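All remarks here apply to the structure that follows.
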Amino acid sequence: LQASLWAIHGLLCFYQNKPQDVLDGLQEFDDHFDKMTHLVQSGLLVLKAFALRQLGIVPEAMNLAKQALGLIREEDFGNIDILPDEILWWCYRTLAPDPEHGNPEITDELWQVLEMGRKAMMTPVEGISDAGLKRGYLHRVRFRRLLVYEWLKWAEVRAGKEKLAAYTAVIQRPGRLKEVFRRLLKVGVRLNAQRSPERLPDQILEEISELF
């Protein structure tokens, strides 16, 4: 838990352009690293990798980012405690060339990272039928917006027009939020009419599952 909370602080340091603070803070976890879960290890490795990249220590940064990538498994997609799509985004940022150097095409390795990130990002919302809720999930968090943008930028060349069109339809299709809100209102009325407190938790779960 402490490592996960510190990872959030580390991301804030990135946005404040303080990569050395990230490296200094990560030293606290060196003695406990082997006892951590593989996803926590991956998250800490990519934090260190991107901090080194910001400081211009590129070879070591690349090596650590690849180590972080190697720890992520497909069965991790959908984890809501430690976000594999966020780890994959920072791996991509570490491995990608600087924009000012120009990048007329994307390498196979970088495209694979983007594809993994897209799959990890979409897994938690595969069962959600409302497109509006999906769009909110994809666009309200900054790293997901950037991941979507970057994938779309290269998808026509790498994924093909059919796959690009299918994915674009998912993220742009109109939602049915009015219907969801109407049902939420009806759920609230039914719950208010419930007079048995011990029955409420099960009923709440049943009502929520209906919305999706």
**OP:** Anything over 29 Å Cα to Cα? Flag those among K35/K66; K35/K153; K35/K134; K18/K163; K18/K66; K66/K153, in the order listed.
**Re:** K35/K153; K35/K134; K18/K163
Subject >> Simple spin-label estimate for V157 and R142 in nanometres, 7 Å along Cα-Cβ >> reply: 2.7
Original post:
Per-residue HN-Hα couplings for region 136-144, Karplus 6.51 cos²θ - 1.76 cosθ + 1.60 at θ = phi - 60°, whole Hz, x for Gly and Pro?
Top reply: x, 4, 6, 10, 7, 9, 4, 5, 6
**OP:** Report the accessible area of K119, computed with a 1.4 Å probe over the heavy atoms of all protein chains in place, in Å² rounded to the nearest 10.
**Re:** 100
Subject >> Spin-label pair N17/Q112, simplified geometry with 7 Å Cα→Cβ offset, distance in nm >> reply: 3.5
Original post:
For region 27-41, what does the Karplus curve 6.51 cos²θ - 1.76 cosθ + 1.60, with θ = phi - 60°, yield as ³J(HN,Hα) per residue in whole Hz, taken in order and with x for Gly and Pro?
Top reply: 4, 4, 9, 4, 6, 10, 4, 5, 8, 7, 5, 5, 6, 5, 4
Original post:
Using the heavy atoms of the protein chains alone and a 1.4 angstrom probe, what is the accessible area of region 49-129 per residue in square angstrom?
Top reply: 50
**OP:** Would you tell me the accessible area of E156, worked out with a 1.4 angstrom probe on the heavy atoms of the protein chains, in Å² to the nearest 10?
**Re:** 110
Original post:
Say the dipole of region 127-168 comes from +1 at the beta carbon of Lys and Arg and -1 at that of Asp and Glu; which of L146, V157, G132 then lies farthest toward its positive end?
Top reply: L146
**OP:** Note down the nm distance, to one decimal, between modelled labels 7 Å out along Cα→Cβ at D30 and at Y149.
**Re:** 3.7
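The values are calculated or read from the model by the stated rules, or taken from the named source; none is laboratory data. Just so we're clear, the structure is a prediction, and the values are computed from it rather than from any experiment. No Cβ is skipped: glycine too gets one built from the backbone with ideal geometry, and neighbour counts run over all protein chains shown. The area values use the complete protein model at the heavy-atom level, side chains included, leaving out ligands, DNA and RNA. Shrake-Rupley method; radii C 1.70, N 1.55, O 1.52, S 1.80 Å.
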